[in-house]
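Participant: Shown below is the structure under consideration.
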Amino acid sequence: MTAVAVVGAGLMGANHARVLRRLPEAELTLVVDPDGPRGRALAESVGARYCAEPAAVAGLAEAAVLAVPSERHAEIGVPLLEAGVDLLVEKPIATTVEDADALIEAAREHHRVLMTGHVERFNPAVLQLDGLVHDPLHVELTRMGPFSPRVTADVVLDLMIHDLELALALAGSDVERVEGMGRRERTDSLDLATALLRFRNGVTASVTASRIGQTKIRRIELTQRTNFVVLDLVRQDLTIHRVDHNEFLAEGGVRYRQSGLVEIPFLEHRGEPLALELEHFLDCVMHRRSPRVTGLQGRRALEVALAVRRSAGSPYR
Ligand SMILES: NC(=O)c1ccc[n+]([C@@H]2O[C@H](COP(=O)([O-])OP(=O)(O)OC[C@H]3O[C@@H](n4cnc5c(N)ncnc54)[C@H](O)[C@@H]3O)[C@@H](O)[C@H]2O)c1
């Protein structure tokens, strides 16, 4: 069993604490937050100790989940890594490449596990893709949801970064070219953004994220040479399409006919993605393994997100 602290008792910290509390591999020992009432309330609800200062973590936990505002990830995370604590840092790993590098370097120097919390990689539909990506050509990723007044970052760092990280993993290559466009609608930063990416191996991607949608959509459409794979990340399902034969018929009026194969694999729904992410992190801590989403992978996603934002003309440069 690993002693774990949750640093940051806001929305995500509370989610992590709720899940950690039920995992047999974890003992949630500490909740840290300078906001006393908030931190104490969460600590009490999960039976952990409370402290206002992250410095308390090293004495009470071997590993920590860092769920503080993203601009503060390096400032709070680096001393924890230096003190010998393994870290799961919420996404985005940081808001600057320099901060991401500081975290990666501290983890390397102190032989710590550093994982980036790209939770969508633990969506059962995405996990199923592991054995299905053979010859990708193009991927379209869409993430839309209704507006929430509690947003702080722009839609690229807040939402699109999930899909940029997935696109990098699916393409299996670095990004060579990025073009972004977007608009502000409800806030002073990008509320809707769309990006075209080209990877070094020739794979292309089209990524759209919006927080001014009228419904929740999280979808991946993967075109491969031999099939077309569609994932619905909300419903956690996956469908594989293969065309067998298609033709236009002229007799009796023009029509199109297609025959093909549709495969819907049975997905083992093994619980919520956040629980799978935390189980994986604890397994990496226990067995000193490299995580599914390393600090470096978090940094690569951040770099692409910053490039999309620059190209889209956001004021945050
Ligand atoms: N994986 C996801 O889908 C997802 C969703 C939402 C947020 N996030 C990420 O989670 C992180 C936190 O976001 P949130 O929405 O929970 O924010 P939040 O504002 O709800 O909570 C942040 C908390 O951190 C606390 N904090 C500030 N400084 C601290 C310090 N020095 N030590 C300890 N706590 C401190 C604040 O008091 C606050 O309670 C961000 O990096 C965000 O991008 C990820």
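The values are calculated or read from the model by the stated rules, or taken from the named source; none is laboratory data. As the structure is a computational prediction, the values presented were derived from the model and not from experiment. Cβ placement follows ideal geometry from the backbone for every residue including glycine, while neighbour counts extend to all protein chains displayed. Just so you know, the surface numbers come from the protein's heavy atoms only, side chains and all, with ligands and any DNA or RNA stripped out. Shrake-Rupley method; radii C 1.70, N 1.55, O 1.52, S 1.80 Å.
Participant: Does anyone have the angle between helix 295-312 and the longest principal axis of the chain? Alpha-carbon axes, 0 to 90°, nearest 10?
Facilitator: Computed tilt is about 60 degrees.
Participant: Here's a follow-up. Leaving out ligands and nucleic acids, and using a 1.4 Å probe, what accessible area per residue does the chain come to in Å²?
Facilitator: 47
Participant: Oh, and also: Using just the alpha carbons, could you tell me how many Å³ per residue the convex hull of the chain encloses?
Facilitator: Here the figure is 153 Å³ per residue.
Participant: Same structure again: How far apart, in nm, are two points set 7 Å out from the Cα along the Cα-to-Cβ line at residue 288 and at residue 188?
Facilitator: About 4.9 nm separates the two model spin labels.
Participant: Charges only on Cβ, +1 for Lys and Arg, -1 for Asp and Glu: so what's the dipole of the chain about the Cα centre, in debye to the nearest 20?
Facilitator: My answer is approximately 560 debye.
Participant: What does the net charge come to around residue 223 if you take all other residues with beta carbon closer than 14 Å to its beta carbon, with K and R at +1 and D and E at -1?
Facilitator: 0
Participant: How do 91, 216 rank by accessible surface area computed with a 1.4 Å probe, from largest to smallest?
Facilitator: Of 91, 216, the descending order of accessible area is 216, 91.
Participant: OK, next. How much accessible surface does residue 185 have with a 1.4 Å probe, in Å² rounded to 10?
Facilitator: The value for residue 185 is about 100 Å².
Participant: Another question about this same structure. Return the carbon/sulfur percentage of the accessible area of the chain, one whole number, probe 1.4 Å, all protein chains in place.
Facilitator: Here carbon and sulfur together make up 50 percent of the probe-accessible area.
Participant: How many angstrom lie between the Cα centre of the stretch 198-224 and the Cα centre of the stretch 94-155?
Facilitator: Here the two parts' Cα centres lie 14 Å apart.
Participant: Expressed as an acute angle from 0 to 90° and rounded to the nearest 10, what is the orientation of the C-alpha long axis of helix 73-82 relative to the principal long axis of the chain?
Facilitator: Around 60 degrees separate the two axes.
Participant: Residue 177 accessible area, nearest 10 Å², 1.4 Å probe?
Facilitator: 120
Participant: To the nearest 10 square angstrom, how much accessible area does residue 151 have with a 1.4 angstrom probe?
Facilitator: For residue 151, the solvent-accessible surface is approximately 40 Å².
Participant: Count charges around residue 50 for me, please; just the other residues with Cβ under 12 Å from its Cβ, Lys/Arg as +1, Asp/Glu as -1.
Facilitator: Surrounding charge for residue 50 is -1.
Participant: Pop a pseudo-label 7 angstrom from the Cα along the beta-carbon direction at both residue 49 and residue 105 and give the gap in nm to one decimal.
Facilitator: Computed distance between label sites residue 49 and residue 105 equals 3.2 nm.
Participant: Helix-only mean residue ellipticity at 222 nm, the chain, DSSP H runs n ≥ 4 weighted -39,500 (n - 2.57), per residue, nearest 500. What is it?
Facilitator: Calculated at 222 nm, the ellipticity per residue is -9500 deg cm²/dmol.
Participant: Cβ under 13 Å from residue 239's Cβ, residue 239 left aside: what net charge do those residues give with Lys, Arg +1 and Asp, Glu -1?
Facilitator: -1
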